[in-house]
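The structure appears right after this line, and notes come after that.
The values are calculated or read from the model by the stated rules, or taken from the named source; none is laboratory data. Since this is a predicted model, take the numbers as computed values, not measurements. Here the Cβ positions follow ideal geometry from the backbone for every residue, glycine too, while neighbour counts run over all protein chains shown. Note: areas computed on protein heavy atoms with side chains; ligands, DNA, RNA excluded. Shrake-Rupley method; radii C 1.70, N 1.55, O 1.52, S 1.80 Å.
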Amino acid sequence: MLERCFSAAGFHIEHGFKLVGAGFEVVLDGYDPAHRVGYEYLTTEAGDRVELTPAVIAALEAAIERGDFHLLLIDELEVADEAELELAAQRFIARLPRP
Amino acid sequence: MTGHGHYEVQRCLREQLAQLEGEVAQLDRLLAEHAQRIKEVDAAETQAGAELAAAMLPALTPEAIEQAVRLTGYAPLRQNDLIAARERERATLQTRLGEIEAEPRYRDRELLRAPRIGSLVREVDELEEFRAPLLQVWTLSAHPRRDRLLQVGYGTDKYSVGWWRMSYYGDWKAGDELLARFPKHGSFAALRAELVSTRDTLAVYDTRLAELREQIAISEALEREHGERTDALASLEARHLEAAQRLLWGYLRSLGMADLADRLAATPDLAIMYKRLKGMEAKREYLEGLANEQLKKPRQELAAAIQKVRRDIVKWGRPKMAWQNMPGEQFERRFQDRSERYRKRRERYQQTYHTVYAFDGYHRASLVDDFLWWDLMTDGRLDGDFLPGVQEFYSRHPDHRYERDPLSSFDDSAAAAATSDDSSRASSLLDAS
């Protein structure tokens with residue numbers, strides 16, 4: 001669903017993209033390297049909480065705030081249903097520069 | 001081979017089973033009657049004991065206690081200081097009643113709690129009235145994220161959740177949903193101000209309401225306690241007297257027939273009441289003994305016989321028994337009609353039981369050591385050797401011989417019926433072998 005939303009907005013999403021920066025090295029669920037836009041869906045099952053420690057999250061958020069790239073960070077615990085997730089993705093994409 | 005074929009054996013087994021089950025039903029009916037009779041005897045014994053104790057100790061005064069000790073020899077009545085115990089309780093009750101009456105929440109209870117006009121009640125009503133519209137707003141704003149939105153300052157400059165986080169969009173969605181319920185507010189900031197004010201005001205009201213309700217509950221508890229202690233004070237004399245009489249009665253229960261002979265010699269009315277109590281104790285023991293020996297034990301034997309017959313019905317119903325015969329002699333022994341024996345046994349039980357149960361001549365007892373209630377109740381005409389109390393008496397008095405009362409109105413025909421067919425007692429009535 002996330003890939004569909006981002007693709008519909010014109011982004012070319014790659015799966016398992018490795019993003020490296022100051023204080024982080026993460027493999028993202030979806031990322032468009034050309035437009036530096038993507039998303040990461042954190043689940044316990046996938047071991048994301050081991051990889052994305054609070055320190056790594058803090059480093060990622062610092063880079064987002066600097067404008068290095070744009071990532072939608074989604075914790076599975078905060079998603080009630082697919083409609084809510086889709087609405088969040090649409091609203092996130094609406095804030096991004098058009099590709 | 002001669003004998004009786006398996007069809008006939010099976011038919012007779014079924015008839016025997018029906019007969020045994022019918023007899024069990026008869027014994028169960030008699031046991032139910034016995035249970036009812038024992039309740040009646042218990043009630044009569046309780047009444048007799050209470051009346052005797054009340055006659056021996058009519059009041060809880062030093063004089064009455066001395067008189068009761070003289071009559072019974074029960075010194076603990078004197079030593080236990082029953083009067084002092086009563087007066088201690090009286091003092092405790094009076095002290096506490098004084099404390100409660102001085103307590104404003106009891107003293108002014110009408111002013112505080114009268115419906116609609118009591119000051120506490122009125123304040124509760126007013127607060128409830130003020131609280132109602134706020135509660136309506138708060139209830140309408142119920143949402144899983146409401147408290148979080150208020151806490152993180154959603155709709156204000158203090159809200160700092162990054163727009164790249166899912167929670168940012170969760171807050172956004174929840175804010176929109178809440179705002180839709182309160183369309184008069186143009187923004188969540190305005191709604192937030194009302195919700196925060198509502199929440200804080202409700203907290204103030206609820207705190208005050210809890211305080212008021214606690215005051216009301218304390219006042220009610222004091223009034224309840226005052227009522228209970230007033231009742232306790234009103235029943236003080238009767239309760240302590242009754243407790244003392246129960247002590248005395250407990251002691252009287254432990255005594256034998258002859259133990260009070262000398263002490264009660266000068267008070268014939270009390271002597272008769274004492275005999276009545278002792279006679280009722282003996283009656284209860286005899287009735288229980290009769291039911292045990294002549295109903296419960298035979299019933300156990302019948303139950304075992306029924307099990308055996310049921311097993312035999314299964315056994316004789318198997319295909320391999322189709323050509324089996326039961327020899328004539330064995331058949332006759334096995335299936336002889338026992339209904340007459342059962343009937344006589346029941347009649348004997350009922351006549352003996354009735355003789356003991358209906359006995360009311362307690363005054364004819366003697367306050368002597370070698371007195372046996374069974375003799376008096378049955379005029380010495382019925383066998384009671386199977387009763388433990390009778391056996392024990394004869395072991396203590398092997399030379400005892402009962403002399404019948406020439407004026408006795410004992411029913412000879414009942415005795416004759418109850419003692420007849422003794423020969424059948426020795427042989428088993430339940431031979432289902």
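Pull out all pairs, ordered by first then second residue, where Cβ-Cβ is under 6 Å, the residues are six or more apart or on different chains, the first lies in segment B:84-97 and is under 15 Å from B:Arg239 (Cα atoms), and the second is surrounded by 13 or more Cβ atoms within 10 Å (Cβ to Cβ).
B:Arg86/B:His240; B:Arg90/B:Leu236; B:Leu93/B:Arg229; B:Leu93/B:Ala232; B:Leu93/B:Leu233
Looking at B:Gln67, B:Gln36, B:Gln19, which is the one that is farther than 27 Å from B:Gln351 by Cβ, of a type outside the set (Phe, Trp, Tyr) and in the same structural domain as B:Ile272 (by TED's automatic domain parsing)?
B:Gln67
Per-residue answers, yes or no, for (1) of a type outside the set (Phe, Trp, Tyr); (2) surrounded by 13 or more Cβ atoms within 10 Å (Cβ to Cβ); (3) within 28 Å of B:Glu51 (Cα to Cα); (4) at pLDDT 95 or above:
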position	(1), (2), (3), (4)
B:Ser219	yes, yes, no, yes
B:Leu222	yes, yes, no, yes
B:Arg229	yes, yes, no, yes
B:Trp249	no, yes, yes, no
B:Arg299	yes, yes, no, yes
B:Val314	yes, no, no, no
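For segment B:185-197: of the residues being assigned to a helix (DSSP H, G or I) and not hydrophobic (A, V, I, L, M, F, W, C), which is nearest to the other protein chains (Cβ to nearest Cβ)?
Only one residue tops the list, namely B:Arg192.
Taking segment B:59-115 on its own, how many of its residues are within 30 Å of B:Asp125 (Cβ to Cβ) and surrounded by 14 or more Cβ atoms within 10 Å (Cβ to Cβ)?
Of the residues in that region, 9 qualify.
Within segment B:148-194, which residues are touching a Lys or Arg at 6+ places or on another chain (Cβ under 9 Å) and among the charged types (D, E, K, R)?
Across segment B:148-194, the qualifying residues are B:Asp171, B:Lys173, B:Glu177.
Just to verify a result, which residue in segment A:31-80, among those that are within 14 Å of B:Met166 (Cβ to Cβ) and among the charged types (D, E, K, R), is surrounded by the fewest Cβ atoms within 10 Å (Cβ to Cβ)?
Looking at the filtered set, the residue picked out is A:Glu76.
Is there a residue being over 60 Å from the mean Cα position of the chain (by Cα) and at pLDDT below 95 anywhere in segment B:130-149?
No, there is no match, as no residue in segment B:130-149 is over 60 Å from the mean Cα position of the chain (by Cα) and at pLDDT below 95.
Kindly indicate whether B:Asp147 is part of a helix (DSSP H, G or I), within 14 Å of chain A (Cβ to nearest Cβ), acidic (Asp, Glu) and surrounded by 11 or more Cβ atoms within 10 Å (Cβ to Cβ).
No; evaluated as a whole, the condition is false for this residue.
If we scan segment A:26-38, do we find a residue that is within 11 Å of chain B (Cβ to nearest Cβ) and touching a residue at least 24 places away in the same chain (Cβ under 8 Å)?
Yes: segment A:26-38 contains one or more residues that are within 11 Å of chain B (Cβ to nearest Cβ) and touching a residue at least 24 places away in the same chain (Cβ under 8 Å).
May I ask you to verify whether B:Arg345 is surrounded by 14 or more Cβ atoms within 10 Å (Cβ to Cβ) and either among the acidic types (Asp, Glu) or modelled with pLDDT of 90 or more (or both)?
Considered against the rule, which asks whether it is surrounded by 14 or more Cβ atoms within 10 Å (Cβ to Cβ) and either among the acidic types (Asp, Glu) or modelled with pLDDT of 90 or more (or both), B:Arg345 comes out as yes.
Which condition does B:Arg131 not pass, out of (1) open to solvent by 50 Å² or more (accessible area, probe 1.4 Å); (2) more than 14 Å from chain A (Cβ to nearest Cβ); (3) among the basic types (Lys, Arg); (4) assigned to a helix (DSSP H, G or I), if it passes all the others?
(1)
If I go through segment A:52-87 residue by residue, how many of them are in contact with a strand residue (DSSP E or B) (Cβ under 9 Å, 6 or more places away or on another chain), within 10 Å of another protein chain (Cβ to nearest Cβ) and more than 19 Å from A:Arg36 (Cα to Cα)?
The number of residues fulfilling the criteria is 6.
Mind listing whichever residues of segment A:1-30 are open to solvent by less than 70 Å² (accessible area, probe 1.4 Å), out of contact with any strand residue (DSSP E or B) (no Cβ under 7 Å at 6 or more places or on another chain) and over 12 Å from A:Leu60 (Cα atoms)?
Once the filter is applied, which keeps residues that are open to solvent by less than 70 Å² (accessible area, probe 1.4 Å), out of contact with any strand residue (DSSP E or B) (no Cβ under 7 Å at 6 or more places or on another chain) and over 12 Å from A:Leu60 (Cα atoms), segment A:1-30 yields A:Met1, A:Cys5, A:Ser7, A:Ala9, A:Gly10.
Restricting the search to segment A:43-99, which residues are at pLDDT 85 or above and polar (S, T, N, Q)?
A:Thr53, A:Gln90
How many of the residues in segment B:155-184 are within 12 Å of another protein chain (Cβ to nearest Cβ), hydroxyl-bearing (Ser, Thr, Tyr) and not in a helix (DSSP H, G or I)?
Here the count works out to 1.
This table checks each residue for (1) touching a Cys at 6+ places or on another chain (Cβ under 7 Å); (2) open to solvent by 50 Å² or more (accessible area, probe 1.4 Å); (3) not charged (D, E, K, R).
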residue: B:Arg334; (1), (2), (3): no, no, no
residue: B:Arg341; (1), (2), (3): no, yes, no
residue: B:Tyr362; (1), (2), (3): no, no, yes
residue: B:Trp373; (1), (2), (3): no, no, yes
residue: B:Arg381; (1), (2), (3): no, yes, no
residue: B:Gly389; (1), (2), (3): no, no, yes
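Report whether or not B:Glu228 is more than 14 Å from chain A (Cβ to nearest Cβ) and either under 30 Å from B:Leu112 (Cβ atoms) or charged (D, E, K, R) (or both).
yes
Can you go through B:Glu126, B:Glu194, B:Glu177 and tell me which one is over 30 Å from A:Leu73 (Cβ atoms), open to solvent by 50 Å² or more (accessible area, probe 1.4 Å) and not β-branched (Val, Ile, Thr)?
None of the other options fit; the residue is B:Glu126.
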